[in-house]
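Each value in this text was obtained by applying a stated rule to the coordinates, not by laboratory testing. No experiment lies behind these values; they were computed from the predicted model shown. All Cβ positions, even for glycine, are placed from backbone atoms using ideal geometry, and neighbour counts span all protein chains on display.
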Amino acid sequence: MDRCIVLVDAGYLLGAAASLLAGEPSRSRITVDHAALIQALRDRAESETERPLLRIYWFDGAPDRVPQPEHRRLRVMPRVTVRLGALTRSDGRWAQKGVDAAMHAELTELARNRACSDVVLVTGDGDLLPGMMAAKEHGVAVHLWAVQAADGDYNQSEDLVAEADERRVLDRAWITQAVRAKELTGVCAPPPAPRPEIAAILSAPLPESALAAAAERPAEQGAHAPAAAASENGSQERVPAPKGVPTPKDLAALRAPGAQGVQHPTTATLRWSSDKGWVDRPGGVSEPPEVASMPTLAQLTTAEQRWADREEDITTVGGDPYEVGQVFARRWMSRLGDQSHLQRLSSMYPRIPHRIDGELLRYAARFGLLAHKDDQIDDHDRYAIRAGFWREFDVPAAAEHAPAGD
């Protein structure tokens, strides 16, 4: 068949691009416009092979082979097929498993079935050498593309380079059509500081530490110390609690019977409770009827809107936990017919009703935000998701709970 196919090793392409543009191979150091990148690959492949494109195969790794947001966007693009291998962490480093084998199998199968006349390989791994040789034996012309190396040297197997029919280099000018290095404020970028809403909850002490602190200092000092820890010198640093991230149950225990009158620290008012962690419920009722009857997003969404939502999730929602919470809240608020629900919810800040909160977390799970351990979302991501929900809601109470100086 007189057409071309492109096989892309995403780990190589984006890792080498990060080395070239940001000085290190970490893909977290770059931003990628995947639509522009796919179009650039297609245009160049058709130009250099003088053949129409049949398909671009995008090979990448993902934890537990669960598609990440970028994979979900890529696989719905025209003429793009995504193949995922595993992504595992060993000795503090991420490594792809099964990607090379999948590329080799696809390359040899395409050549054997004479699905194309030309194959473009964007890879540097010498493990593909047998597949390249097999493709050539089936009469397929093999084009090998390299990403310009940061040090000007090869970043590909020399055996691959020697065996390829044609070789081209994707230089800096070509790469920057779709890839940009992230802006950094210093030579060594520190971890991003959590947003104020998240920093406050993370700085709240657990019951045991709060009781011990109260015994050592006046109650009025104990009420303000955690907030100072979260915002000292104007920073928003995460202050780790002795047992890790406090849960709603931990925070509720601060005012539980037998707590010897210990008051909630200022930051403990940001308790992201969706169930038993809420301690101000009268008479032990789990939720008042007017709260329990709040409609869920699913109940407010028509079939047409559900289709449009899925399209937006796949094509434009990046999957950042904070962004996910904002998207969910925006849809829920825009579809409410009874605006009294908004006033009722505002008075409940920072609690999200149980049914809506559960729906919010299930929605977030679509974006690969699971910790891949017991299918649970990481605690910090949960707080970010809910913080995004409230920020979009723009609750007046949020200003009251913001760290001093904001």
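Please compute the modelled spin-label separation between SER334 and GLU24, points set 7 Å along Cα→Cβ, answer in nm with one decimal.
Spacing of the two 7 Å Cα→Cβ label points: 3.8 nm.
By its C-alpha gyration tensor, with a ≥ b ≥ c as the square roots of the eigenvalues, how is the range 4-181 shaped: rounded for a/c under 1.5, else prolate for a/b larger than b/c, else oblate?
rounded
Mind giving me the FRET efficiency for GLU290 and ASP64? R0 is 41 Å, r the Cβ-Cβ distance, nearest 0.05 is fine.
Working: r = 41 Å, r/R0 = 0.99.
Calculated transfer efficiency: 0.50.
Would you calculate the separation in nanometres between label points at THR176 and TRP94, each defined as 7 Å from the Cα along the Cα-to-beta-carbon direction?
2.5 nm
By the scheme Lys and Arg +1, Asp and Glu -1, what is the net charge of all other residues having a beta-carbon under 13 Å from that of ARG112?
Details: positive: ARG114, LYS136; negative: GLU106, GLU109, GLU137.
That works out to -1.
Taking neighbour Cβ counts within 10 Å as the exposure measure, how do ILE175, ILE352 sort from fewest upward?
With the sparsest Cβ surroundings first, the list reads ILE175, ILE352.
If each residue's Cβ is checked for other Cβ atoms within 10 Å, how do LYS136, LYS182 rank with the fewest at the top?
Numbers: LYS136 16, LYS182 12.
Ascending Cβ contact count within 10 Å gives the list LYS182, LYS136.
Mind ordering 21-27, 309-315, 99-105 by average Cβ neighbours within 10 Å, highest first? List each step's numbers first, then the result.
Working: 21-27: 16.3, 309-315: 14.0, 99-105: 18.4.
Peptide ranking by packing, descending: 99-105, 21-27, 309-315.
On full extension of the chain, what length is gained from LEU300 through SER346, given 0.36 nm per residue of separation minus the C-alpha to C-alpha distance? Working shown, then result.
Details: separation 46, 0.36 × 46 = 16.56 nm, distance 1.91 nm.
Stretched out fully, the LEU300 to SER346 stretch lengthens by 14.6 nm.
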